[in-house]
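What follows is calculated from the coordinates using simple rules that are stated; it is not laboratory data. Because the structure is predicted, anything quoted here is derived from the model rather than measured. As a convention, Cβ positions derive from the backbone with ideal geometry for all residues, glycine included, and neighbour counts pool all protein chains shown.
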Amino acid sequence: MARARRILVAASVECAKRARRCRHNPKHSISAGERCLVLTNNMQDKSYCMKCASVMLELATKEIAALSRDLGTA
């Protein structure tokens, strides 16, 4: 059997090494040492604070559940 492909190839959680701004809401800051969600698209990293990341991950979970239902695997 062939190896299963990963869907989330460009997402990771990392500890910020320097201060950053959230890409979803620039008013949110990410301090050095704070955990953040990092999405890579076209060789460009975009950081999201944990508050915005939790909303994004909740939406992604619902979308994956819907895809699973559509495939009949849920």
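Here are the numbers:
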{"quantity": "Pairs of alpha carbons in the chain whose separation is greater than 16 Å (percent)", "calculated": "58"}
{"quantity": "The chain: trypsin sites (Lys or Arg not before Pro) in DSSP loop, at most 14 other beta carbons within 10 Å", "calculated": "Arg3, Arg5, Arg6, Lys17, Arg18, Lys27"}
{"quantity": "Given charges at Cβ of Lys, Arg, Asp, Glu: the chain dipole, positive-most of Ala2, Val13, Ala66", "calculated": "Val13"}
{"quantity": "Size descriptor, Kirkwood hydrodynamic radius, that averages inverse alpha-carbon separations across region 16-57, Å", "calculated": "10.2"}
{"quantity": "Long-range HN-HN contacts of Arg21 with modeled amide H, under 5 Å", "calculated": "Ile30"}
{"quantity": "Cα-centre dipole for region 1-68 with unit charges at Cβ (Lys and Arg positive, Asp and Glu negative), debye to 20", "calculated": "180"}
{"quantity": "Extended-chain gain in nm, criterion 0.36 nm per residue less alpha-carbon gap, Asp70 and Leu8", "calculated": "20.4 nm"}
{"quantity": "Ile7, Ile30, Ile64 arranged by Cβ crowding within 10 Å, fewest neighbours leading", "calculated": "Ile7, Ile64, Ile30"}
{"quantity": "Neighbour-count order for Val9, Val55, fewest beta carbons within 10 angstrom listed first", "calculated": "Val9, Val55"}
